[in-house]
Structures are given as C-alpha cells and as structure tokens.
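Just so it is clear, none of the values below were taken in a lab; they were calculated from the coordinates. Note that the coordinates shown come from a computational prediction; the quantities given were computed from them, not determined experimentally. Please note: Cβ atoms are built from the backbone with ideal geometry, for glycine as well, and neighbour counts cover all protein chains shown.
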Amino acid sequence: MKKIVFFVPVNDAEAVKNAVFDAGAGRIGDYDRCCFQLEGQGQFRPLAGANPHIGSHGEVEKVRELRVELVCEDHLVKTSIEALLAAHPYEEVAFEVMEILDWQTL
C-alpha cells in the first residue's frame, strides 16, 4: 500500500481528485474516494521557458492550494499518478509517493 500526496489549486481540486479516484486510488476497505485535504498557500516563480497556468515569468506567485493525501494499492500507483499528471493544470506537478507499513506486521 502507498500514500500519494499532491498539491493542487483550490479551484482545480475536485477535477484532479476525481481523476485520481477514477484511476482507483482512495479506496479503504468498503469505502472509496477517501482522502484528507488541507488548505494552504503555495508559492512559485515561473522562470524563462515556463508555460505557467497561473502567474507571470519572473514574478513570485502565491496560490490557495490544497494538500491532498490518499492511499493507493501498489498495482494502481502508476495509473493513478498518470491520471494526476493528465488532469492537473500545472506543467510541473508537486507530488510524493510513500510506502505505508502494514501495522499488523510490526
């Protein structure tokens, strides 16, 4: 089991989450579309050559974003990340994939 964490602008969050859920991530037992989300502020500065969805070259941009965390079965990670990247509005998507330990084997 893995945990996927990604950051997405608030206005784009539902579409991106739905794409990842549709790929099979976010299922816990008899529940699906499970996630935790927390609102915060992302910051970046588009450099020359960037094609920013939000902001202008050389200017620091601050954006209301959600940090979204969800679990994912190992065999669905690749397709879930592909869905995340395809649905996300940013050309460079910040995400993490972490191993989740099975507490019953500790």
### Message
I'd like the full set of residues that are closer than 20 Å to Val10 by Cβ and loosely packed, with under 12 Cβ neighbours inside 10 Å, limited to segment 60-77.
### Response
Val60, Lys62
#### Entry: Selection count, segment 10-31, where residues are surrounded by fewer than 17 Cβ atoms within 10 Å (Cβ to Cβ), on the phi > 0 side of the Ramachandran plot and in contact (Cβ under 8 Å) with a residue 40 or more places away in the chain
1
### Query
For segment 78-106, which residues satisfy the criterion of being among the acidic types (Asp, Glu) and over 20 Å from Asn11 (Cβ atoms)?
Glu82, Glu96, Glu99, Asp102
### Summary
Considering residues that are more than 14 Å from the chain's Cα centre (by Cα) and not in a strand (DSSP E or B), the number found within segment 35-44 is 0
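Yes or no, residue by residue, for (1) assigned to a strand (DSSP E or B); (2) touching a residue at least 40 places away in the same chain (Cβ under 8 Å); (3) exposed (fewer than 11 other Cβ atoms within 10 Å of the Cβ):
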| position | (1), (2), (3) |
| --- | --- |
| Val8 | yes, yes, no |
| Arg33 | no, no, no |
| Pro46 | no, no, no |
| Gly49 | no, no, yes |
| Gly58 | no, no, yes |
| Thr79 | no, yes, no |
| Ala83 | no, yes, no |
| Glu91 | no, yes, no |
